[in-house]
Amino acid sequence: MKDFIEGSEAVARAVCLCKPGVISAYPITPQTHIVEGLAQMVADGRLKSQFVNVESEHSAASVVLGAVAVGQRVFTASSSQGLILMSEVIFNIAGMRMPVVMACVNRALSAPINIWNDLQDSMALRDSGWVQFYAENNQEAADLIFQAYRLAEDPRALIPVMVCLDGYILSHGLEVVDIPEEDKVTQFLPPFNPSEKLDTANPKSFGLLAGPDYYLEIRHDLHQTVKDALTLIPDITADFKRIFGRNSGGLVESYRLEDAEMAIVSAGSVCGTIKDTVDVLRAEGKKVGLLRIITYRPFPEELILQALAKVPMIAVLDKAVSLGASGPIYADLKAAFQGKPGKKISGYIAGLGGRDITPDTIKEIFKQLAGPEVSDQFIGLKN
Amino acid sequence: MLRVNGLRIKITAEPGSARNNKTGSWRVERRPEFRQKDCIACRLCILVCPEGIVAGKEKNSFKTDYLYCKGCGLCAAVCPKKDIEMVAEETESEK
Amino acid sequence: MPEHLLSPGHTACAGCGQSLAARLVLDAAGPNTIIVNNTGCLEVFSTTYPDTAWEVPFIHSLFENAAAVASGVEAALRQSGKLAEVRVISQAGDGGTADIGLQALSGMWERGHDILSVCYDNEAYMNTGIQRSGLTPTYTSTSTSPAGQSSTGNPRPKKNIVEIAVAHGIPYVATASAGFPLDLQKKVKKAMAIRGPKFLHVHVPCPLGWRHEPEQTYQIARLAVETGLFPMIEFENGKISGRYLIVKPKPVEDYLKPQGRFRHLFKPAAEAALKEIQELANRNIERYGLLKTAGS
C-alpha cells in the first residue's frame, strides 16, 4: 500500500510488520517519532509486543539485549547522544552475537549541542561489530528494516544490524512509501528461532570472561562473520526483489559511473542531491557519477574497487569527521586504493550539524576535485 | 574449524562445566578432616562451604570433596561440636 | 539435577562470602531461574571461558546494566507466556548495585518488573582491588580511601540502599547475611513467591578485602549483625515487617578488630573515630528497633 509518510512512520510500520516481541527505547530527537509510532501500535493492539519505557538509552539497548537472548525478536532506536550513551552496550551486543536490529536516526554530536543531521553518531560506532546500512530515502529505510532482520537472525550471521537514516531529512520528511503486505513480509522473513538462548531446559551461560588464550580467536570470528555479510547481503537483496518486486538495499549503488571521469563517493540521503546534480552536469556534457555506499560495515571494498576501477578522480563526501584525521569514508577509501596508482582521491567534509548540502555544494566539490588533492577539506566554511 | 550457527567458536558455556577446574590444588597448608564422631547433622558445614562440596545426611556421615576443597576452614570454624578439624596437608598425604 | 546450582571449580578466593551467599540464594530460588549478573567478582570467578559454574541459564553483559538486561529477559518471558514458571534474578556487588548500576536498578524497580535483585555487599570494589564504593562503611581503609597520617579511611557513611529501594514502593525489601544462611534462604523463598520487584541486600565478608582469615567469614558476618552495624530487616509494602532482634548488642570493636581494614582505628589517636562507629551502630539499633526487650 502506497502512502505519503515521513521516514519515521515508514520505519515504524516496517518494524511492526516484523512483529518484534520486545521494543525498548528512550526519547531523543529526531528518533522519537519511530518509537512513538510503535508505542501507539502496541497501545491500539495492532502490535502484540512488550514496549519497555526505560530510564536511558544505555538501558534501552540492555533491555533488547536481554530479550533477544531469551529468543524474542527485538527493536530499539536512537540518535546522537543517545547512541553514544548506548555505545558500551552496542559493542557488547555484537560481541555476544545478539541479533538486535536498531534504527539510528542520524544527528550531530555535542558540543555544541545540535539536533540536526550529520553522520557523526553512527560513524563513531563503525568499529563495534554491527552491520551498518545507510538509507537514501524513506522507501529504502523501510525496506532495510526487513533486510536487517533477515540478515541479523540468519544462523550464518547472528550479528546486530543498524539501519541509519538521516535525521529530519528522512525521519521527518514526507515521501511516497510502499508499505508491503504482511504475507510478503512473512514469506521474506522466517521466524526467529535461535539454537542457543536463555532456557531453563538447556541452561547455558552467556557473556563469559575470556582471557588472552581465547579473546583473539573470538574477536577474529566476529570479524570474519561481519565480513561474511558481504556475501549474505546480495542474496538477501535478490530475494527481496523476488518477493517485493523492487531493488532496494544492497552493498553499493553505482550511478552513471560507466564512463565517468569524476565520481563522488558518499552515503545516505545526500546521495539523492548528488544524483540530481550528476544529471544536471551530465546534461552539460560533464562525465560525472556517484558511488553510493549502502552497507558501510562490513566495508564492501572489492565492489568499490571494481566500480571505481576506471574513474581517475574520486571525491569522498563525508558528513562526519574523525577529528584530527579525515572523514571516515575517505580513510577507508584511501586504504582500499592503497598501492593502486593513477588515482586522485580527495576528501571533503560537509553538512555537519545540519548545514544544507545543495546542488551548488556538490558542484563545488566536483570543481575542487579538478584542483589539488586534499584529504579533509571542509566545504562551505564561512569566513 | 566447524562453522556452527555463524560461530566458528562457541561463546557460551555448558552448565556446571567449572567442575573441570580442580581447585583442590589450591590447598597448600591444611585440609578439613571430618572426624565423624560427635556430628549432630546440623548441616551448618554444608550451608557455609563456599564451594558447595560438603555432603552428608545422617549424623557422622558428612565429608568434603578434596578435589575442589580450597582449605578455607569455614566448615571447621562453624562446627558446633568441633567435629571437623583442620589438619596439616602433609600429614594426610603421608598416610 | 545437581545438589547445588552453583558448581565447584569456580575461582573465588578461599572463604569467599559472596560465593557461599550466591549458592545459597540460587539453591533457594531453584532451577527454574535465569540469572542476570553485573560485572564483578561473582561473574569473573564463576564464568571463566570456556567454563561456567552455573547450572541455570546465566547471562552477563556489562558492569551497570544487569537490571536492564534482566528487564529485557523478563519482558521476553512475559511475551512468550513463560513468566509463570521461570523466575528472574538480577544480581550485582555493592558497586554494581548502589553506584554504577543504581540508575538501571531504579528503572527496573520503578517499572515494576517481576524480578528479584540481589546485592552481594562486600563493601568495596573487590574485583578491581579493594577500592571504595558508595557502600563502603565509615572509616574503612581501602586502596582508594587508605588510612594514613592525615586520613582515618573512608570519610563517608554507607549509603542506605535499603531505604532507597523501599522508597520505590516495591513490595519486598530485605537484608540478609552470609552469617545467617537459613534466614537468607527463607527470605529468597519469600521474595520469589511475591510478584513484582524485590530487593535483597546480602552482607558478604571478603577475606581478601577485609583482611581477615578465610575461616572467619561466617563469624564476622554474624558480628556485623550482632553489633547493629548491619541491621537484618524486612520491609513489606513500605513498612518494616521483620527484624533480627539483638539481646545484648556486642561492642563494635568485636567486629572491627579482627579485620585489617579497620586496624588503624585501634591506635590511641583514632579513639573518636571508633566512638563514632559505635554511635552508628546505636543509631541503627534505635532506628530499626533491633533491641530485644521483654515482650518483644
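One line per residue, one yes/no per condition, for (1) surrounded by 13 or more Cβ atoms within 10 Å (Cβ to Cβ); (2) under 27 Å from the mean Cα position of the chain (by Cα); (3) not β-branched (Val, Ile, Thr):
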position	(1), (2), (3)
A:ILE169	yes, yes, no
A:HIS172	yes, yes, yes
A:VAL176	no, yes, no
A:THR186	yes, yes, no
A:PRO194	yes, yes, yes
A:PHE206	yes, no, yes
A:PRO212	no, no, yes
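Of all the strands (runs of 3 or more DSSP E) wholly in segment A:284-326, which have at least 2 residues that are hydroxyl-bearing (Ser, Thr, Tyr)?
Where strands (runs of 3 or more DSSP E) fall fully within segment A:284-326 and carry at least 2 residues being hydroxyl-bearing (Ser, Thr, Tyr), they are A:295-297.
Only residues that are among the polar types (S, T, N, Q), within 14 Å of chain C (Cβ to nearest Cβ) and under 29 Å from A:SER110 (Cα atoms): list them for segment A:1-54, please.
A:SER24, A:ASN53
Would you mind listing the helices (runs of 4 or more DSSP H) fully within segment C:34-150 where at least 3 residues are more than 20 Å from the chain's Cα centre (by Cα) and more than 30 Å from A:LEU216 (Cβ to Cβ)?
C:66-79
Restricting to segment A:339-383, give me the number of residues that are farther than 22 Å from A:LEU281 by Cβ, charged (D, E, K, R) and surrounded by fewer than 15 Cβ atoms within 10 Å (Cβ to Cβ).
2
Scan segment A:244-253 residue by residue and report those that are touching a helix residue (DSSP H, G or I) at 6+ places or on another chain (Cβ under 7 Å) and buried (at least 17 other Cβ atoms within 10 Å of the Cβ).
Hits for segment A:244-253 are A:PHE244, A:SER248, A:GLY249, A:GLY250, A:LEU251, A:VAL252.
What residue, of B:THR23, B:THR12, is within 9 Å of chain C (Cβ to nearest Cβ), of a type in the set (S, T, N, Q) and in contact with a strand residue (DSSP E or B) (Cβ under 6 Å, 6 or more places away or on another chain)?
Every option except B:THR12 fails the conditions.
Give all pairs with beta carbons closer than 8 Å in which a residue from segment C:5-17 that is at the interface with another protein chain (Cβ under 7 Å from one of its Cβ atoms) and farther than 13 Å from B:LYS22 by Cα meets a residue that is among the β-branched types (Val, Ile, Thr) and not in a loop (DSSP other than H, G, I, E, B); count only pairs at least 6 apart in sequence or on separate chains.
Sorted first by the residue in segment C:5-17, then by its partner, the pairs are C:GLY15/C:THR217; C:CYS16/C:THR217.
I'd like the residue in segment A:315-339 that is without any contact (Cβ under 8 Å) to a residue 60 or more places away in the chain and of a type in the set (D, E, K, R) and, out of all such residues, is farthest from A:GLY354 (Cα to Cα).
Residue satisfying both the conditions and the ranking: A:LYS334.
Consider A:ILE233 carefully, then state whether it is out of contact with any strand residue (DSSP E or B) (no Cβ under 8 Å at 6 or more places or on another chain) and either at pLDDT 95 or above or of a type outside the set (A, V, I, L, M) (or both).
So A:ILE233 fails the test.
Determine, yes or no, whether A:LEU281 is of a type in the set (A, V, I, L, M, F, W, C), assigned to a helix (DSSP H, G or I) and in contact with a strand residue (DSSP E or B) (Cβ under 6 Å, 6 or more places away or on another chain).
yes
Run down B:LYS10, B:LYS95, B:LYS22 and say which single residue is surrounded by fewer than 21 Cβ atoms within 10 Å (Cβ to Cβ), farther than 15 Å from C:ARG23 by Cβ and at pLDDT 95 or above.
So the residue among B:LYS10, B:LYS95, B:LYS22 that is surrounded by fewer than 21 Cβ atoms within 10 Å (Cβ to Cβ), farther than 15 Å from C:ARG23 by Cβ and at pLDDT 95 or above is B:LYS22.
C:GLY179 - would you say it is out of contact with any Cys (no Cβ under 9 Å at 6 or more places or on another chain), farther than 21 Å from C:GLY96 by Cα and buried (at least 24 other Cβ atoms within 10 Å of the Cβ)?
Yes.
Would you call A:ILE169 among the β-branched types (Val, Ile, Thr) and either outside the structural domain of A:SER24 (by TED's automatic domain parsing) or touching a residue at least 60 places away in the same chain (Cβ under 8 Å) (or both)?
Answer is yes for this residue.
Condition (residue is free of Cβ contacts under 8 Å to residues at least 40 places away in the same chain and more than 7 Å from chain A (Cβ to nearest Cβ)) applied to segment C:86-98: is it met by at least one residue?
no
Among the residues of segment B:21-40, are any of a type in the set (S, T, N, Q), in contact (Cβ under 8 Å) with a residue 40 or more places away in the chain and under 21 Å from C:HIS10 (Cα atoms)?
yes
Only residues that are facing another protein chain (nearest Cβ under 7 Å), surrounded by fewer than 24 Cβ atoms within 10 Å (Cβ to Cβ) and within 17 Å of A:GLY95 (Cβ to Cβ): list them for segment C:48-85, please.
C:THR48, C:TYR49, C:PRO50, C:LEU62
Mind listing just one residue for me: the one in segment A:285-338 that is charged (D, E, K, R) and either over 22 Å from A:GLY380 (Cβ atoms) or in contact with a Lys or Arg (Cβ under 9 Å, 6 or more places away or on another chain) (or both) and, of those, surrounded by the most Cβ atoms within 10 Å (Cβ to Cβ)?
A:ARG297
Does any residue of segment A:254-271 turn out to be surrounded by 14 or more Cβ atoms within 10 Å (Cβ to Cβ) and under 16 Å from A:ARG150 (Cβ atoms)?
no
Could you grab me the full set of residues in segment B:42-75 that are in a loop (DSSP other than H, G, I, E, B), at the interface with chain C (Cβ under 8 Å from one of its Cβ atoms) and among the β-branched types (Val, Ile, Thr)?
Answer for segment B:42-75, where residues must be in a loop (DSSP other than H, G, I, E, B), at the interface with chain C (Cβ under 8 Å from one of its Cβ atoms) and among the β-branched types (Val, Ile, Thr): just B:ILE53.
Kindly list the number of the only condition in (1) of a type in the set (Gly, Ala, Ser); (2) crowded, with 24+ Cβ neighbours inside 10 Å; (3) in contact with a helix residue (DSSP H, G or I) (Cβ under 8 Å, 6 or more places away or on another chain) that fails for C:GLY95.
The single condition C:GLY95 does not satisfy is (3).
Tally the residues that are out of contact with any Phe, Trp or Tyr (no Cβ under 7 Å at 6 or more places or on another chain) and either at pLDDT below 95 or within 14 Å of another protein chain (Cβ to nearest Cβ) (or both), restricting the search to segment A:138-158.
7
When you go through (1) surrounded by 24 or more Cβ atoms within 10 Å (Cβ to Cβ); (2) assigned to a loop (DSSP other than H, G, I, E, B); (3) in contact with a strand residue (DSSP E or B) (Cβ under 8 Å, 6 or more places away or on another chain) one by one for C:SER19, which number turns out not to apply?
(2)
Yes/no per residue for (1) among the hydrophobic types (A, V, I, L, M, F, W, C); (2) buried (at least 19 other Cβ atoms within 10 Å of the Cβ):
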| position | (1), (2) |
| --- | --- |
| A:PHE75 | yes, yes |
| A:GLU88 | no, no |
| A:PRO99 | no, yes |
| A:ASN117 | no, yes |
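The values are calculated or read from the model by the stated rules, or taken from the named source; none is laboratory data. What you see is a predicted model, and the numbers here were worked out from it, not measured in a lab. A quick note on method: Cβ atoms are made from the backbone with ideal geometry, for glycine too, and the neighbour counts reach across all protein chains shown.
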